[in-house]
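Trainee: Here it is, the structure in full.
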Amino acid sequence: MHLRRAFLLLLPLVPPLLAQDDELPPDEVADLVERYVERGEESMREGNYDEARLRFQKALRRDAADEKAHLGIAACHRALGAYDKAEAQLGKLLEASPSSRGAKLALGRLDLLQGRLSEARARAEEVLAAGVSEGLDLVGLQARMLQAECLARRGQRGDARTVLDFFVKYYDSRYDTWSEAKFNVDRVKHRPDLARPLSEEITVVAAALRLYVELSPLDNTYIETANELINLARELDDRNWEAWIEGVRIRRAEREGALAAARKARDLVVPKNPELADLYTEVALSLLTGFGSGEAREEAEKAVRVNPKQTDARAVLARTMLEDNQYGEALEHLDAGLAVDPMQRDLIALHGTLDLLRGDEEAFEKGMKRMLAVDPTYGEGFHLAGLVVAARQRRYDRGVDLVRRGLELDPANFQAHATLGIFLANLGRAEEAREALTQSQKLFPWSHPIRENFKTVLDYVLGTMTTHRTEHFVIRFDPGEHAVLSHFLPDLMEECWAEMTKRYGFTPKAPVLVEVFRKADDFSVRTLGLPGIPALGACFGGLITLDSPQALPPGEFLWASTARHEFAHVMSLQLSKGQVPRWFTEGLSVLEEKPLDTGWGMHAGFEKMLLDEYHTGALPEIGGFDAMFRTAKVAYAYHVGGIMLEFLQGRSG
């Protein structure tokens, strides 16, 4: 048969095929819509947001008022940072169903993400006013949590706690039901119609208890309850990603095991859904609490790739870049984040801190005033500024001043008290440091490994170590090493002083405190609060900490060159008042080892890496070089820093 004739004969059959869905009975259309929505939700759980939107749109073509489909499309847009599209979709839902509490709640959450706190709170209250009288009201629970978050962001902590008191009572009322679910979890989790809403309900309550603890640190018993609840939520529905994300937050508030828990959550969840910006962000925030800033930056970069409007991730990136002397890149993230949420307190504080690092005190004070206009109780902003200034400039004296300003606003900030203690210890003010650490422990008497480690090592420094004084140094030794080491180190340090002060034309503040540790872990804890750091010495401007020759097996390192390296840091940090890139101060100290290390620079592996990167164009630019010191290539960074300073010395003297 002729092809055209065959086509014309089949053409009348096409309209019925296209119209099949329209001719289905209403109950079958409803079933079809439900299937599309379920498949959309599954795609969304896998991070396939485009595919999910297509499936939700198919549902809407059959039922233009389907709430789940509208909310699903809005959730997909929100996950990718398309907040305007999410709001437009929710607007369509409200046109079709003006009383939709789900739409109003979702709009309130979008308001919160963009700093519209009054609007977000108003929407939450509107949702609560139209609450359901019977059965589980998950939307109402989420609205109440949103209300508390808005109040907390404005520093209205008492009002926020009053809202959260509801969840304490709610937990008591639901305890028997949840206990039964836990007992029968293996059976319940195979019933998605039961397990999913129960998991979501428990997640909201766990989050509320965690926020209650953050606003009231002394009520830390609730964090244990929150942790138990979030574990149950994940057992009931192991693909409830919000439960995994909230679990990271809870463990961070709990302190102990926070880093391991964050990494575990990431490693378990990302293979199933690699498009969770909030998960990457919470992991990054946890890593920052444990000196994992290099890894934190990587996680925050993943978050911004998924959702360019994730403001907490922007704050992480800005902070790490400020600490790494990348001011231009940091400013880009600050501006991008504040364009989304001009009320984001950390971004405002970090913007002011950038001004401070650049020497503009007036702009810093103006920025902090802007932060306090958002939340007059937010001493954490000054704490954050102190952390950045100390990390970037080793200006622990300035860090102490900033942290104390924050504590005046928020005396219950136990972590700021701990930071104050560490900064004072780095200034050699051990007695004051112990007092600050003790105050932190009073406010938060639960596990805090870094704080406890510092307290223990300071007890050893003040109670056990012996002191040797010279004209320009106070040197502390372990009693078992004093008799031997005091014949060598004091003379070496004074020789370094005489030679370098003459050559640099600068005299640092005396006396310089030097502490020499017989055990490598004691040195590590005194330096960073944790054992196992792969370093031999450290300098904090006016304090030097060193491994003793017995800390490592014979032949592992040159003790005298390490001491000279660290004193060179005293010179460069004090001479520049901290305004020196890390690559420069480390490179200078590496170069200063040369008189005591005849094998200086002889590292065939590093030389090959250097040549390979030079010829392939992989060498970092000067502005990004500091960041390499936070990566696994830190030893190579030291080597290249020394090469760079040797080059500068050869060219300029």
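The values are calculated or read from the model by the stated rules, or taken from the named source; none is laboratory data. The structure presented is a predicted model; accordingly, all values stated were derived computationally and were not measured. Cβ: placed from backbone, ideal geometry, glycine included. Neighbour counts: every protein chain shown. The area values use the complete protein model at the heavy-atom level, side chains included, leaving out ligands, DNA and RNA. Shrake-Rupley method; radii C 1.70, N 1.55, O 1.52, S 1.80 Å.
Trainee: Tell me which residues, restricted to the stretch 420-438, are open to solvent by 10 Å² or more (accessible area, probe 1.4 Å), part of a helix (DSSP H, G or I) and either farther than 19 Å from TYR460 by Cα or in contact (Cβ under 8 Å) with a residue 60 or more places away in the chain (or both).
Mentor: Residues satisfying the conditions are LEU420, ILE422.
Trainee: Among the residues in the stretch 521-532, are any at positive phi, in contact with a Pro (Cβ under 9 Å, 6 or more places away or on another chain), assigned to a loop (DSSP other than H, G, I, E, B) and at pLDDT below 95? Quick ask: steps written out before the conclusion?
Mentor: Of all residues in the stretch 521-532, those at positive phi come to 529, 532.
From what is left, the residues that are in contact with a Pro (Cβ under 9 Å, 6 or more places away or on another chain) are 529.
Now restrict to residues that are assigned to a loop (DSSP other than H, G, I, E, B): 529.
From the residues that got through so far, the ones that are at pLDDT below 95 too are 529.
Within the stretch 521-532, one or more residues are at positive phi, in contact with a Pro (Cβ under 9 Å, 6 or more places away or on another chain), assigned to a loop (DSSP other than H, G, I, E, B) and at pLDDT below 95.
Trainee: Now for a separate question. Mind checking which residues of the stretch 186-229 are of a type in the set (Ser, Thr, Tyr) and in a helix (DSSP H, G or I)?
Mentor: SER199, THR203, TYR212, THR221, TYR222, THR225
Trainee: How many residues are open to solvent by less than 50 Å² (accessible area, probe 1.4 Å) and either over 27 Å from ARG345 (Cα atoms) or in a helix (DSSP H, G or I) (or both) when one looks only at the stretch 110-127?
Mentor: Matching residues across the stretch 110-127 total 7.
Trainee: Which number in (1) open to solvent by 50 Å² or more (accessible area, probe 1.4 Å); (2) of a type in the set (Asp, Glu); (3) within 30 Å of GLU119 (Cα to Cα) marks the one condition that ASP186 misses?
Mentor: (3)
Trainee: I'd like to check which helices (runs of 4 or more DSSP H) are fully inside the stretch 553-653 and have at least 2 residues that are in contact (Cβ under 8 Å) with a residue 12 or more places away in the chain, in contact with a Gly (Cβ under 9 Å, 6 or more places away or on another chain) and surrounded by 21 or more Cβ atoms within 10 Å (Cβ to Cβ).
Mentor: Result: 559-576, 582-592, 634-652.
Trainee: Select from the stretch 368-392 the residues that are in a helix (DSSP H, G or I) and out of contact with any helix residue (DSSP H, G or I) (no Cβ under 7 Å at 6 or more places or on another chain) and write down the one among them that is most open to solvent (accessible area, probe 1.4 Å).
Mentor: LYS369
Trainee: Is it fair to say ASP491 is surrounded by fewer than 20 Cβ atoms within 10 Å (Cβ to Cβ), out of contact with any strand residue (DSSP E or B) (no Cβ under 6 Å at 6 or more places or on another chain) and at pLDDT 95 or above?
Mentor: When the stated conditions are applied, ASP491 passes them.
Trainee: Hey, among the residues in the stretch 58-84 that are part of a helix (DSSP H, G or I) and more than 18 Å from GLY102 (Cα to Cα), which one's most open to solvent (accessible area, probe 1.4 Å)?
Mentor: Checking each candidate, the answer is ARG61.
Trainee: I'd like to check which helices (runs of 4 or more DSSP H) are fully inside the stretch 231-297 and have at least 3 residues that are without any contact (Cβ under 8 Å) to a residue 24 or more places away in the chain, of a type in the set (A, V, I, L, M) and open to solvent by less than 10 Å² (accessible area, probe 1.4 Å).
Mentor: Working: elements: 241-254, 258-269, 277-288.
Result: empty, no element qualifies.
Trainee: In addition: What is the one condition in (1) surrounded by fewer than 24 Cβ atoms within 10 Å (Cβ to Cβ); (2) in contact (Cβ under 8 Å) with a residue 24 or more places away in the chain; (3) out of contact with any Lys or Arg (no Cβ under 6 Å at 6 or more places or on another chain) that THR221 does not satisfy?
Mentor: So THR221 meets the others, but not (2).
Trainee: If you check every pair at least six apart or on different chains, which have Cβ atoms under 8 Å apart with a residue in the stretch 76-103 that is in contact (Cβ under 8 Å) with a residue 24 or more places away in the chain and of a type in the set (S, T, N, Q) first and a residue that is surrounded by fewer than 18 Cβ atoms within 10 Å (Cβ to Cβ) and not in a loop (DSSP other than H, G, I, E, B) second?
Mentor: Short answer, once both residue conditions are applied: SER97/GLU67; SER100/GLU67; SER100/LEU94.
Trainee: Residue pairs, Cβ under 6 Å, 6 or more apart or interchain, first in the stretch 192-205 and crowded, with 16+ Cβ neighbours inside 10 Å, second acidic (Asp, Glu) and in a helix (DSSP H, G or I). List them.
Mentor: Every condition considered, the pairs that remain are THR203/GLU242; THR203/GLU246.
The rows are residues; the columns are (1) among the aromatic types (Phe, Trp, Tyr); (2) assigned to a helix (DSSP H, G or I); (3) closer than 25 Å to ASN307 by Cβ.
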position: LEU94; (1), (2), (3): no, yes, yes
position: GLY102; (1), (2), (3): no, yes, yes
position: VAL132; (1), (2), (3): no, no, no
position: VAL168; (1), (2), (3): no, yes, no
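Trainee: Assuming LYS455 fulfils every condition listed in (1) over 23 Å from LYS509 (Cβ atoms); (2) surrounded by fewer than 19 Cβ atoms within 10 Å (Cβ to Cβ); (3) more than 23 Å from the chain's Cα centre (by Cα) apart from one, which condition is it?
Mentor: The failed condition is (2).
Trainee: Only one of ARG39, ARG45, ARG78, ARG53 is at pLDDT 95 or above, within 25 Å of ARG116 (Cα to Cα), among the charged types (D, E, K, R) and touching a helix residue (DSSP H, G or I) at 6+ places or on another chain (Cβ under 9 Å). Can you tell me which?
Mentor: Of ARG39, ARG45, ARG78, ARG53, the one residue that is at pLDDT 95 or above, within 25 Å of ARG116 (Cα to Cα), among the charged types (D, E, K, R) and touching a helix residue (DSSP H, G or I) at 6+ places or on another chain (Cβ under 9 Å) is ARG78.
Quick grid of which residues meet (1) among the hydroxyl-bearing types (Ser, Thr, Tyr); (2) closer than 15 Å to LEU232 by Cβ:
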{"position": "GLY131", "(1), (2)": "no, no"}
{"position": "GLU134", "(1), (2)": "no, no"}
{"position": "LEU138", "(1), (2)": "no, no"}
{"position": "ARG153", "(1), (2)": "no, no"}
{"position": "VAL163", "(1), (2)": "no, no"}
{"position": "LYS169", "(1), (2)": "no, no"}
{"position": "SER179", "(1), (2)": "yes, yes"}
{"position": "LEU194", "(1), (2)": "no, yes"}
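Trainee: Let me confirm something: among GLU301, GLU275, which residue is under 24 Å from LEU387 (Cβ atoms) and charged (D, E, K, R)? Full working, then the answer.
Mentor: On the way: GLU275 fails: under 24 Å from LEU387 (Cβ atoms).
Just a single option satisfies the conditions, and that option is GLU301.
Trainee: What do you reckon, is VAL304 over 15 Å from ARG630 (Cα atoms) and either surrounded by 20 or more Cβ atoms within 10 Å (Cβ to Cβ) or aromatic (Phe, Trp, Tyr) (or both)?
Mentor: So VAL304 passes the test.
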